Structure formats: C-alpha cells, structure tokens
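Visitor: Questions regarding the structure given below will be posed in turn.
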Amino acid sequence: MSIKLARSPYIVEISVATQTETKVKLYLWTTGSQPASPQYTLSKKIPASNNVNTYYNIAPYVREYFTFGSYDYDTANFFDTATSTNFVVNYHIEKFKTIGGVESSAGTETGQFVNGYSEYMEGQNRAHENVFLDEGTYLYHYDSSFSTTQKNALAGSFDVEVAVGEKIRYTNLSTAATQEFTISAAGMKVFGRVYTGNLAHGNKVEMINASSNVVWTGTFKPVCEPKYSPIVVDFVNKYGSWSRMFFFKGKSKNNSNKKQRV
C-alpha cells in the first residue's frame, strides 16, 4: 500500500467525458475500521463543457486527524512491534460523477497518510520510502552507568513499512555479530535503532528486501559525554515519523569582552 504525504498536496482527479458535476466522500480514521459515514463530502461543477476535469486536494482535511503528543517510543525493547497509529491516518475515497442529471460511481481509492512532505525537486507528492529515516550516521548518548531500559530509550527508534519476508539486520560495530528479524506480518513496524546487546559499541542497521538486497542502511554510534548534560530533541521528520537527535556540547561566545556560556 502506497503511503501518501499530508504536508504536500494530494490531488484526487475525476475526469469522465460529458460529466457536469463531481463529488467525493472522504472517510478518515486512525484506529479500528472505516467509519460508517464520511467525514467530508466535497462537490464541484465542471469549469466548462470543453474542460470537464475536476480536482480535489484532500491533504488539508487529512492533517486534522494527526495527533502528536509526545515521543511514543521512549521506552526499551521495541523490535518488530506494530507502530502507534497516532501519526498514520487511513483514508477511503468514494468518487461520483453526474452525467445527464444522474449521479453514479466514478471509482474508489484507499490508502494511508503520514504527516510528511516532499521537497520541491521531488515533485508534488513523492512515493514514500519504506524506512521513515534518512540513510546516514547517527549519534546517541551512552553512559555505562545507565540501566538497560534507559540506554534503549535514549538510543531511540525508527519506523518502517515492511512486507512478509523482508528483514531488519543489526551488525555490532565492534564485534560484527549480527541479529536479524524476518518479517512475518506486513505493515507499519517500529524497531529500536540499537539492538540491546550493541548499546556499548553501536551498530549498523540494514533493511533487506525479499530478494536479499540491502535497500537501506543506517549507522548508530554511542557518545559518552562526561562534561555536559546532553539535550535530547524529538521531532516529526520529513517522512512524518518521530525522530531523535542529541546536542552534546556547550557553546561559548564573547560579547564586549565578557565571556558568556549559552
């Protein structure tokens, strides 16, 4: 199922020859099943007899259904766990056309939205990546005196859309030992960025598709900060998923020959 991005326009088009008016019924939900009645019913008349196409941007209506309170996965041991639904909105659209005064179906569409966006050069609403995090290297706060639960929580997590047979593989950056999870149920899942046994050394994480090809790689490295208290920043990234970063150091500046730490 292709995931759409709610912070970019998503246009539903109805284009049937000789239509004079169109309508869409929009159903939105986060948990459970599709509601019995649509949340929104939108309609338009065609611009002209020689220009019958009608367009509906449904993204603004979807955004009303996201709920971001706090970072949901700030706890230990999330591996191959169903993702919280607070940032995934399901949608179903029923499309209608009117020809000769008679209204009839023009098709349906079903899918999911996350609160992400496309960059300008990526187009209006790009295809969403399977992993809701950029490839690259990430740092996390590590202190050997912390409990395992605290260490897991600080390292953070990432969300991924997976299919049956795909794998998430962790490789210890020091010992090269691996831990692998094979997906048995498709859907949106959450995985810890660092496998529990790798917290002291960090690890590489790979997503492997059903053809055994690596399609995404992230590297997560521990940092022990003995002087300052690191600041943890949680935010919703461009993919519409919770993400985490750390600020480890202090900063000093001079102003009128007076040094001030900020």
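Visitor: Say whether the condition of being under 14 Å from ALA155 (Cα atoms), assigned by TED's automatic domain parsing to the domain that holds GLN150 and touching a Leu at 6+ places or on another chain (Cβ under 9 Å) is met by at least one residue in the range 203-211. Walk me through it before giving the result.
Guide: The initial filter retains those residues of the range 203-211 that are under 14 Å from ALA155 (Cα atoms), namely 203-205.
Keeping just the survivors that are assigned by TED's automatic domain parsing to the domain that holds GLN150 gives 203-205.
Filter once more, so that each one left must be touching a Leu at 6+ places or on another chain (Cβ under 9 Å): 203-204.
There is at least one residue in the range 203-211 that is under 14 Å from ALA155 (Cα atoms), assigned by TED's automatic domain parsing to the domain that holds GLN150 and touching a Leu at 6+ places or on another chain (Cβ under 9 Å).
Visitor: Quick check, is LEU28 in the same structural domain as HIS92 (by TED's automatic domain parsing), under 21 Å from VAL114 (Cα atoms) and in a strand (DSSP E or B)?
Guide: Yes; evaluated as a whole, the condition is true for this residue.
Visitor: Please work out if THR108 is more than 23 Å from ARG63 (Cα to Cα), among the β-branched types (Val, Ile, Thr) and more than 14 Å from the chain's Cα centre (by Cα). First the steps, then the outcome.
Guide: Values: more than 23 Å from ARG63 (Cα to Cα): no; among the β-branched types (Val, Ile, Thr): yes; more than 14 Å from the chain's Cα centre (by Cα): yes.
No, not satisfied.
Visitor: Which condition number in (1) in a strand (DSSP E or B); (2) assigned by TED's automatic domain parsing to the domain that holds GLU225; (3) on the phi > 0 side of the Ramachandran plot is the one that GLY107 fails?
Guide: (2)
Visitor: Based on this model, can you work out whether TYR140 counts as outside the structural domain of VAL114 (by TED's automatic domain parsing), farther than 18 Å from PHE246 by Cβ and aromatic (Phe, Trp, Tyr)?
Guide: Numbers: outside the structural domain of VAL114 (by TED's automatic domain parsing): yes; farther than 18 Å from PHE246 by Cβ: no; aromatic (Phe, Trp, Tyr): yes.
Here the answer is no, as TYR140 does not meet what is asked.
Visitor: Exactly one of these conditions fails for LEU42: (1) in contact with a helix residue (DSSP H, G or I) (Cβ under 7 Å, 6 or more places away or on another chain); (2) hydrophobic (A, V, I, L, M, F, W, C); (3) at pLDDT 95 or above. Give me its number.
Guide: Unmet for LEU42, out of (1) in contact with a helix residue (DSSP H, G or I) (Cβ under 7 Å, 6 or more places away or on another chain); (2) hydrophobic (A, V, I, L, M, F, W, C); (3) at pLDDT 95 or above: (1).
Visitor: Please determine, by comparing only the residues of the range 39-58 that are in contact (Cβ under 8 Å) with a residue 40 or more places away in the chain and more than 27 Å from ALA82 (Cβ to Cβ), which one is nearest to the chain's Cα centre (by Cα).
Guide: Restricting to residues being in contact (Cβ under 8 Å) with a residue 40 or more places away in the chain and more than 27 Å from ALA82 (Cβ to Cβ), the top hit is ASN57.
Visitor: So the check is Cβ under 7 Å with 6+ separation or different chains; which pairs have a first residue in the range 122-149 that's over 17 Å from HIS201 (Cβ atoms) and in contact (Cβ under 8 Å) with a residue 24 or more places away in the chain and a second one that's outside any loop (DSSP other than H, G, I, E, B) and acidic (Asp, Glu)?
Guide: Close Cβ pairs (under 7 Å, with a partner that is outside any loop (DSSP other than H, G, I, E, B) and acidic (Asp, Glu)) amount to ASN130/GLU161; PHE132/ASP159.
Visitor: I'd like the residue in the range 101-141 that is of a type in the set (Phe, Trp, Tyr) and surrounded by 16 or more Cβ atoms within 10 Å (Cβ to Cβ) and, out of all such residues, is nearest to GLU13 (Cα to Cα).
Guide: Pass one, the range 101-141, residues of a type in the set (Phe, Trp, Tyr): 113, 117, 120, 132, 138, 140.
Narrowing the set further to residues that are surrounded by 16 or more Cβ atoms within 10 Å (Cβ to Cβ) leaves 113, 117, 132, 138, 140.
Details: PHE113: 18, TYR117: 20, PHE132: 28, TYR138: 41, TYR140: 45 Å.
Here the residue is PHE113.
Visitor: Can you tell me how many residues in the range 213-242 are in contact (Cβ under 8 Å) with a residue 60 or more places away in the chain and not charged (D, E, K, R)?
Guide: 17
Visitor: Counting only residues that are assigned to a strand (DSSP E or B) and not aliphatic (A, V, I, L, M), which one in the range 150-165 is surrounded by the fewest Cβ atoms within 10 Å (Cβ to Cβ)?
Guide: Taking the range 150-165 first, the residues assigned to a strand (DSSP E or B) are 157-162.
Pick out the ones that are also not aliphatic (A, V, I, L, M) and you get 157-159, 161.
Values: SER157: 26, PHE158: 27, ASP159: 26, GLU161: 21.
Applying the filter and picking the extreme gives GLU161.
Visitor: Next question, about the same structure. Can you find, within the range 75-100, the residue that is modelled with the lowest pLDDT among those that are surrounded by fewer than 17 Cβ atoms within 10 Å (Cβ to Cβ) and part of a loop (DSSP other than H, G, I, E, B)?
Guide: Filtering first and then ranking leaves ALA76.
Visitor: Looking at the range 45-58 only, could you name the residues that are outside any loop (DSSP other than H, G, I, E, B) and surrounded by 18 or more Cβ atoms within 10 Å (Cβ to Cβ)?
Guide: Correct list: THR54, TYR56.
The values are calculated or read from the model by the stated rules, or taken from the named source; none is laboratory data. Every value quoted in this text rests on a predicted model; they were computed, and no experiment measured them. Using ideal geometry, Cβ is built from the backbone for each residue, glycine included, and neighbour counts are taken over all protein chains shown.
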